[in-house]
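Working notes, beginning with the structure itself.
Read-outs: derived from the displayed coordinates by stated rules, not from any lab. Every value quoted in this text rests on a predicted model; they were computed, and no experiment measured them. Backbone-built Cβ (ideal geometry, glycine too); neighbour counts: all protein chains shown.
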Amino acid sequence: MSFRTSAAVATAVGAAGLAFVPVATATPDGNQIVINEVYSNGAGLSGPYLNDFIELYNPSDDPIILDGMRVIVLGGVDDTNYGTVELEGELAAGDHHLLKLKNSAARPAEGAVELEEFDAEDADVRVPAHNASILLTFGESTLDLVGFGVTERFEGEAARAAALDESLARTDGVDTDDNAADFTSQEPTPQHSTGEAEDQDDTGELS
């Protein structure tokens, strides 16, 4: 595997505790893990799931070691640090890695359910609903970056925030280095690791 590295951008973020954020660059050849889906109940009204979640995807033909990688959630407007999840293990080729985050549904929708199957959990981390940046990092390198709404951190152009009952999802696991082009608001389809190669088009919902 190869990590995306580029000219570093030194950024002071104060309370966010993140003093160095290099620029992320695209991997159109699909050789690196990408942030695949982001779901938030940050507005308090839940969609079908009570938990915020972030789904990663390995579009490559080889397993990738997760040890040393981190997922960082930053507020888009003020760079508030909403939390960091340390990753570990290995992600098989074509497989997904699901991070179960905070139950932030203050007013749950009827029939909303808890995520029961996932690969890692951090009940203290949540995703802002409208304006945020999600970073996948390794050391001082940013492997992937998704910015949506009003934010200064994004690839290409920031994506539009998802509808309140939907998630922000990447199309077919493809990274063109443009969040607005790569992500759309869709019905949430959280997928956890099976330990085997999967077809990205074979989406499924958890119950």
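Here r is the Cβ-Cβ distance between ASP124 and ASN31 and R0 is 30 Å; the resulting FRET efficiency, rounded to 0.05, is 0.40.
Give me HIS97, HIS192, HIS130 sorted ascending by neighbouring Cβ count inside 10 Å, so fewest comes first. Spell out each step's value before the answer.
Working: HIS97 26, HIS192 21, HIS130 18.
The fewest-first ordering by Cβ neighbours comes to HIS130, HIS192, HIS97.
Spatial offset of segment 142-199 relative to segment 78-130 amounts to 14 Å, using the alpha carbon center of each. Sorting VAL127, VAL146 by the number of Cβ atoms found within 10 Å of their own Cβ, with the fewest placed first, yields VAL127, VAL146. Between the beta carbons of GLU88 and GLU110, assuming R0 = 25 Å, the FRET efficiency works out to 0.10 to the nearest 0.05. Computed from the Cβ-Cβ distance with R0 of 41 Å, the FRET efficiency linking THR80 to VAL174 stands at 0.85. Rounded to the nearest whole Hz, the Karplus-based 3J(HN,Hα) values (6.51 cos²θ - 1.76 cosθ + 1.60, θ = phi - 60°) of segment 48-62 follow the sequence x, 10, 7, 9, 5, 8, 10, 10, 9, 9, 9, x, 7, 8, 10, with x at glycine and proline. Rounded to the nearest whole Hz, the Karplus-based 3J(HN,Hα) values (6.51 cos²θ - 1.76 cosθ + 1.60, θ = phi - 60°) of segment 109-122 follow the sequence 6, 4, x, 5, 10, 6, 5, 9, 10, 6, 10, 8, 9, 8, with x at glycine and proline.
Panel order for ASP61, ASP165, by other beta carbons found within 10 Å of each beta carbon, from fewest to most: ASP61, ASP165.
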